[in-house]
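Heads up: the structure comes next, in structure tokens.
Every read-out reported here was derived from the displayed coordinates using simple, explicitly stated rules and does not represent laboratory data. A quick note: this is a predicted structure, and the numbers were derived from the prediction, not measured. Positions of Cβ are backbone-derived with ideal geometry, glycine not excepted, and every protein chain shown enters the neighbour counts.
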Amino acid sequence: MQTTVELDDTDKILKLDLPVAPTVLIVDDDELVLGKLREMVEAVGYPVLAATNGADALEILGKFPASIVVTDLKMPGMDGLELCRSIRARSWSRYLYIVLLTVRDEEQDVLAGLDAGADDYLSKRTSGAHFLARLRTAERILALEYSLKDALDQNRHLAMTDALTGVYNRRYFMRHLGRELKRSQRYGGDVSLLLLDVDHFKLVNDTFGHAVGDIVLQRLTREIAACLRRSTDWCARIGGEEFAVVLEGTDLMGARRCAEMVRNAIANAFIDTAGGVVRTTVSIGIGGIDGTTDRSAATVQLLLEQADANLYKSKANGRNCVSFPHTSAPRKGIRKTAKHGVTHANAQMPVSSVR
């Protein structure tokens, strides 16, 4: 359950409960104590796991998502202090809140437990009500950690996502295309880039308004996404009406097939808007590195320049077409223009219309 308390236009306090009650792992070599603690904790709604020694506790934590660890201090083999240190020395997908529970509650023992990584230290002489209150405190702290992590994840997503279309933005594009090029240079493999520009998009905005233009861009991103069949292929909006598609492990011929699929899907899309049905087209330029490319010289800038030059070639050759670096003969159903490396649809579509 999530609520927000507004302070002003920019600041908000986030209150976020845990989606489920945290699982408590109880570690004690005394079976009687272990049973009593388990019964008490389960009675108030916490799922419980149990272990009789530190080594078993670590094995359980590696398999099950416990969030709170209640451990005895004095145990044979790995004691509570060593268990705390071992937990803190490892990386976990979640924060583990550790409570040391022992009959030894002198100051030096408490300090040793906290120094080892425990979050709380309780005497076994503590009442059951006091013990459960400390578990609720642990739950609140875990809820805060969960809310902060959730907020960071949301901010990270927003920082990499185009707000209008929901696809990646230019920042993500530049960063991850660079990573993919480095991977290709190190391990081999092809990388292809499609640059897409919506033809006469200013006319769409001028004729129907920017709200309709936004709807057109949102629909076009769905058409692009539907043509990307592999999880490693992705799309980004890198300008107003300009998009990029990165095809990992795809050579130039494969990129050309994908580009034609995208071009054809958009040219045949009927986009319903408040101003009527809008139809539009895209021009596409292809760049990439394959087996004939000097990988050591490949950079994001060079790949962009190659694809951008081919995009301008598509614009100069009538739009609604795909331009690409030198490849073999075109596929059946596509005719080649006098300009090398450009393919058009057999039938040209109108740039935009209302029906």
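Points to keep in mind about this one:
- Per-pair calculated FRET efficiency, R0 = 25 Å: TYR187 and GLN301 via Cβ, rounded to 0.05: 0.70
- Annotation: amide H-H contacts under 5 Å for THR161 (H modelled 1.01 Å from N, sequence separation of 5 or more, or interchain): ASN169.
- Helices meeting the span-like rule in the chain (full DSSP H runs, Cα extent of at least 15 Å along the helix axis, mean Kyte-Doolittle score of 0.0 or higher): 31-43, 210-227, 252-267.
- Integer Hz, Karplus 6.51/-1.76/1.60 couplings in order for region 279-289, x for Gly and Pro: 10, 8, 9, 10, 9, 10, x, 10, x, x, 10
- For the chain, calculated [θ]222 nm from helices alone, where every DSSP H run of n ≥ 4 adds -39500 (n - 2.57): -14000 deg cm²/dmol
- Globularity index of region 112-197, i.e. its alpha-carbon radius of gyration over 2.2 N^0.38 Å: 2.00
- Using a simple spin-label model with pseudo-atoms 7 Å out from Cα toward Cβ, GLN218 and ALA133 lie 5.2 nm apart.
- Per the Cα gyration tensor, region 170-344 maps to an equivalent ellipsoid with semi-axes of 27, 18, 14 Å, ordered largest to smallest.
- Values (i) 1.46; (ii) 1.20; (iii) 1.09 are given for comparison; Cα Rg over 2.2 N^0.38 Å, derived from the coordinates here, is the one labelled (i).
- Remark: spin-label model distance GLU42-LEU158 equals 4.3 nm, labels positioned 7 Å along the Cα→Cβ axis.
- Taking only the alpha carbons of region 175-255, we obtain Rg and Dmax values of 15.1, 49 Å in that order.
- Selection from MET40, CYS321, THR71, by position along the positive dipole direction of the chain (Cβ): CYS321
- Calculated FRET efficiency for the pair ILE60/LEU203, C-beta based, R₀ 45 Å, to 0.05: 0.10
- 26 Å Cα-Cα threshold exceeded, pairs from LYS202/LYS313; LYS63/LYS149; LYS36/LYS149; LYS182/LYS202; LYS124/LYS149: LYS36/LYS149; LYS182/LYS202; LYS124/LYS149
- Virtual paramagnetic centre 7 Å along Cα→Cβ of SER93, amide N under 16 Å, in region 48-62: 60-62
- Here the spin labels are modelled as points 7 Å beyond Cα on the Cα-Cβ line, and at ARG229 and MET261 they lie 0.5 nm apart.
- For THR250, the residues whose modelled amide H falls within less than 5 Å of its own, excluding neighbours fewer than 5 places apart on the same chain, are ASP190, VAL191, SER192.
- Charged neighbours of SER192, selected by a Cβ distance under 10 Å, balance to -4 (K, R count +1; D, E count -1).
- The alpha carbons of region 2-159 occupy a box of 55, 32, 30 Å along the principal axes, longest dimension given first.
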